[in-house]
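Take a look at the structure below.
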Amino acid sequence: MAAINATVEEDILLSVAYSCHGIPTIEWKYTSNWGVQKIVEWKPGTQANISQSHKDRVCTFDNGSIQLFSVGVRDSGYYVITVTERLGSSQFGTIVLHVSEILYEDLHFVAVFLALLAAVAAVLISLMWVCNKCAYKFQRKRRHKLKESTTEEIELQDVEC
């Protein structure tokens, strides 16, 4: 059993190889949690009978392979090919397809969160700078007052002597 990993909107090739006598009938079915759905049935060299649900999304090849265009998460599941010879014998094959989304929303959230953190950091840094300036001015005034009071005490001591 083959497995294919794909991302949303990707085109994928479900490739197979088979051998048989004469011209076989090829049928692809899709199996998921919601049931079984026929995708396409055809004989190589003739026009394919593609289901309505996959009409614009499937391309068939004479070797039995199909290409699915613009897959979505809903396309994840088991793809079963049945190759039936004219005499009635059949061959089966299965391909597992897993389609995942690229989560741009998560990246967007992270980018907005980092921008918000940067803005908060800028505000806090600015606030710290303002507080530092205020503290410096307060210390200068206090030193100046201490110098004046110390000078007055020294002058008073000199006068008393």
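The values are calculated or read from the model by the stated rules, or taken from the named source; none is laboratory data. As the structure is a prediction and not an experimental result, all values here were calculated from the model. With ideal geometry, Cβ positions are generated from the backbone for all residues, glycine too; neighbour counts draw on all protein chains shown. Just the protein is used for accessible areas: all its heavy atoms, side chains included, with ligands, DNA and RNA removed. Shrake-Rupley method; radii C 1.70, N 1.55, O 1.52, S 1.80 Å.
Remarks
- Qualifying positions in the range 4-61 - assigned to a strand (DSSP E or B), closer than 19 Å to Val99 by Cα and of a type in the set (S, T, N, Q): Asn5, Thr7, Thr31, Ser32, Gln37
- Index of the failed condition, Leu87 passing every other in (1) more than 26 Å from Glu101 (Cβ to Cβ); (2) open to solvent by 30 Å² or more (accessible area, probe 1.4 Å); (3) assigned to a loop (DSSP other than H, G, I, E, B); (4) at pLDDT 85 or above: (4)
- Condition check for Val71: outside any loop (DSSP other than H, G, I, E, B), β-branched (Val, Ile, Thr), under 30 Å from the mean Cα position of the chain (by Cα) and farther than 27 Å from Ser19 by Cβ: no
- Only one entry in Leu116, Leu146, Leu97 is outside any helix (DSSP H, G or I) and either at pLDDT 80 or above or over 44 Å from the mean Cα position of the chain (by Cα) (or both), namely Leu97.
The rows are residues; the columns are (1) modelled with pLDDT of 90 or more; (2) within 12 Å of Ile81 (Cα to Cα); (3) among the basic types (Lys, Arg).
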site: Cys20; (1), (2), (3): no, no, no
site: Lys29; (1), (2), (3): yes, yes, yes
site: Ser32; (1), (2), (3): no, no, no
site: Gly35; (1), (2), (3): no, no, no
site: Lys38; (1), (2), (3): yes, yes, yes
site: Lys43; (1), (2), (3): no, no, yes
site: Thr46; (1), (2), (3): no, no, no
site: Ile50; (1), (2), (3): yes, no, no
site: Val58; (1), (2), (3): yes, no, no
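- In this entry, Trp34 passes the filter for residues that are free of Cβ contacts under 8 Å to residues at least 40 places away in the same chain, open to solvent by 50 Å² or more (accessible area, probe 1.4 Å), among the hydrophobic types (A, V, I, L, M, F, W, C) and farther than 12 Å from Tyr79 by Cα.
- Complete set of residues in the range 46-68 that are open to solvent by 70 Å² or more (accessible area, probe 1.4 Å) and not hydroxyl-bearing (Ser, Thr, Tyr): Gln47, Asn49, Gln52, Lys55, Asp56, Phe61, Asp62, Asn63
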